[in-house]
Amino acid sequence: LSSDRREEANRWASLSLTRSKSLKGKIQNPFAFEGLRMAGAVQLELLEGQSRTLVSKRISNSNEIQVEFAQLRQQAQSLAQQYAQLAQAGQAETSVGALYRVAELQEGLANILVQAPNPNGMSVSDVETFRARIEKIALPLQEEATKLYAQALEKAHEAEVISPYTQLLQEKLSVSRPDDYKKLVEVMPAPSYMSHELPINQETKGIVEDE
């Protein structure tokens, strides 16, 4: 989408999200719930491209790492604020997806730092000092990402949400916290109209361990 069309689509999704949320609070209308879910999914998709572009960036000049990283962090904070608004919209599936994306931004910033090249002309000891400083900044970002991944997965379990995000969350946590989270495979039921609104029992979840 072009910038203008993306902004127009985002305004439409935001308006639909607001209207559906208002309707949901007034009457128990399944169409309001579906409208809320669809509007949230649209906004998540619109923001996903910006997020992926951001986390794929790399530091081009380590001599200017402070300036470059500050710019990237500012962009990440702007996106995180938009995801936070989605997370507070009241739709569980959207909230889980938004929390996942915020965590992904934190993890992405950490990876950008870790993959930054060493400045030219440094001695071995200076390189070690430089990498230690990088790690000192990157590690809290990674820890925050893991914390957010765990919070999102907990929310998904509480709301009985099964979506691609729950699988992604489980995979992330199986790497960062392997002792607490085993890698699982969620067998998704065949999609049906508004099936996410139905109570999900243990059989429907169909969660099995991946050998």
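The values are calculated or read from the model by the stated rules, or taken from the named source; none is laboratory data. Computed from a predicted model, the values in this text were never measured in an experiment. Virtual Cβ from ideal backbone geometry, glycine too; neighbours counted across all protein chains shown. Ligands, DNA and RNA are stripped out before the accessible areas are found, and what is left, the full protein with its side chains, is counted by its heavy atoms. Shrake-Rupley method; radii C 1.70, N 1.55, O 1.52, S 1.80 Å.
For (1) crowded, with 18+ Cβ neighbours inside 10 Å; (2) in a helix (DSSP H, G or I), each residue gets a yes or a no:
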position: 102; (1), (2): yes, yes
position: 107; (1), (2): yes, yes
position: 111; (1), (2): no, yes
position: 118; (1), (2): no, no
position: 129; (1), (2): no, yes
position: 135; (1), (2): no, yes
position: 140; (1), (2): no, yes
position: 152; (1), (2): yes, yes
position: 173; (1), (2): yes, yes
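Residues in region 156-167: is at least one more than 19 Å from residue 55 (Cβ to Cβ), at pLDDT 90 or above and β-branched (Val, Ile, Thr)? Yes, region 156-167 contains a residue that is more than 19 Å from residue 55 (Cβ to Cβ), at pLDDT 90 or above and β-branched (Val, Ile, Thr).
Exactly one residue out of 79, 86 is open to solvent by less than 40 Å² (accessible area, probe 1.4 Å), modelled with pLDDT of 90 or more and aliphatic (A, V, I, L, M), and it is 79.
For region 95-106, the set of residues classified as touching a Lys or Arg at 6+ places or on another chain (Cβ under 9 Å) and touching a residue at least 60 places away in the same chain (Cβ under 8 Å) consists of 95, 96, 100, 103, listed by residue number.
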